[in-house]
Amino acid sequence: MFRIRVTLIFLLAILMSRSQAFQAAPLPAARDTLVLSIEQAIAMALHQNRDLMIAGEERVKANAQVGEAKSGAFPQLTASGQYMRYIKKQVMFLPPGNAINPTDKTLLFEIGSNNAYSGAVQLSQALFSRKVGVALQIAKTYRQLAAESYSAAQQAVVRDTRKAYYQILLAQKLVEANRQGLEVIQANYTNIQAQYRVGAAAEYDLIRAEVQLANTEPLVISAENGYQLAVNALKNLLAIPLDQPVVIAGELSYEELPAEVAKQAEAQALAVNPAIKQLSLQEQMLDRNISIEKAGNFPTLYAVGSYIWQSQDNTFKFGNYNWANTVNAGVSLSYPLFDGFRTRNRVQQAKVERNKVRYNRLKMEEGLRVQIQAGALRMAEARQRMSGQEKTIEQAQKAVRIAQTRFKSGVGTQLELLDAQVAMTRSQTNYAQALYDYLVSKTEWEFATGTSR
């Protein structure tokens, strides 16, 4: 009985200690809400966007390649060592009929030991090699290409962040418009319901109001889901955790593009567009690659030298070994006489690759002109749609107020009120869509002209 009591007390103590541990354990802190303006969103994207980080690694790689290309111009120093066990040793032949071998047969003498050791240090320095200099030029051009790629990635991140931000603002407008429409329809349903109770409205009007309310509520839910999806897309661009609460501080607003600025940007687009600049640098690299392949027809001259020491002994008493040292220095010249037309064909291949990039650059320049013009046309179209929808919104809001007054006074019908509300929601949505289209077209135009900021 005593043992049972002790056991129960022990178990109770364990449970109490665990309960206190659970109570003492701190709960995970809730994340603070992050308020983002469009400028803050762009700054955050430029700091931690994953694609931009990848482009940054390419710059590091390009710098390392420049260092690798420079290594060909520096002396090359190598050390080597060798141990050889002769299972059957080498022999020396002594011809017959001489003072050393007076017999009439060739004699064989084993030479050396069963164990041989050697070590060497070799030094070489390029004195003349066309490939080394051209390779360094290519590496430096690749570094410029990596820098342009990073700049292009930055502009692409700015473009994508702006578009994602505008998508959220558009989704907000759609949520607001649908909620306003739902409020009007709910008020209409409440009014019809009250009238139906006192016999002032027909059952048909009540059923129609219920149906309209049931059809409108899913539109609000869909708009809210669209807003959340747009927020998640921005979080992904900014590398923000999905559970991080975010509030968007801005709103859709019209930003006029001055005609003088647009004209100047279009004139300079081919010179500053990041994609065009990258293709131009690739073309330069391939031009130099042709020079590298042509270098196969030129001689190469190297200064070489080595220091070798070796010994043979079977005692494994290394301190008593006799070591023989050899030192040599000289120059090495090689000149290709015939390589089976290998160099000529490699030069031809390099020219083809260079021409392909050139044609791609010309094609992109032509497409860029079309893209810039299309962007300007889309901005003009969106401006016209905005101008028309501004007047339509005012008229639709006025029509809703009139329809509500007429319906409450018994002069108008429910159908008039519902049509007026649908027209107002549509006009608000169309205006928000037109403004969004303008801002997105402007963003794409800025990216095409290389003026993204």
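The values are calculated or read from the model by the stated rules, or taken from the named source; none is laboratory data. Keep in mind that this is a model prediction, so the values were computed, not measured. Ideal geometry is used to build each Cβ from the backbone, glycine not excepted, and the neighbour counts take in all protein chains shown.
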Worksheet entry | Residue check, L234 within 30 Å of R143 (Cβ to Cβ), in contact (Cβ under 8 Å) with a residue 40 or more places away in the chain and either part of a helix (DSSP H, G or I) or not acidic (D, E) (or both) | no
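Within the range 337-358, track down each residue that is assigned to a loop (DSSP other than H, G, I, E, B) and touching a residue at least 40 places away in the same chain (Cβ under 8 Å). Don't jump to the end; show me each part of the working.
Filtering the range 337-358 down to residues assigned to a loop (DSSP other than H, G, I, E, B) leaves 337-341.
D339 - this is the single residue of the range 337-358 that is assigned to a loop (DSSP other than H, G, I, E, B) and touching a residue at least 40 places away in the same chain (Cβ under 8 Å).
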Practice prompt. For the range 114-158, enumerate the residues that are among the hydroxyl-bearing types (S, T, Y) and closer than 30 Å to A43 by Cα.
Written response: T141, Y142, S149, Y150, S151
Worksheet entry | Top-ranked residue of the range 393-418 - restricted to ones that are modelled with pLDDT under 75 and over 19 Å from L213 (Cα atoms), ranked as surrounded by the most Cβ atoms within 10 Å (Cβ to Cβ) | G412
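Pick from I290, I248: which is of a type outside the set (S, T, Y), within 30 Å of the chain's Cα centre (by Cα) and at pLDDT 80 or above? Explain how you work it out, then say what you get.
Working: I290 fails: within 30 Å of the chain's Cα centre (by Cα).
Exactly one of I290, I248 is of a type outside the set (S, T, Y), within 30 Å of the chain's Cα centre (by Cα) and at pLDDT 80 or above, namely I248.
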Practice prompt. Please indicate, with yes or no, whether at least one residue in the range 419-434 is surrounded by 14 or more Cβ atoms within 10 Å (Cβ to Cβ) and either closer than 25 Å to Q155 by Cα or not assigned by TED's automatic domain parsing to the domain that holds V157 (or both).
Written response: yes
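Go through the residues of the range 193-200 one by one and say whether even a single one is surrounded by 13 or more Cβ atoms within 10 Å (Cβ to Cβ) and among the hydrophobic types (A, V, I, L, M, F, W, C).
Among the residues of the range 193-200, not one is surrounded by 13 or more Cβ atoms within 10 Å (Cβ to Cβ) and among the hydrophobic types (A, V, I, L, M, F, W, C), which makes the answer no.
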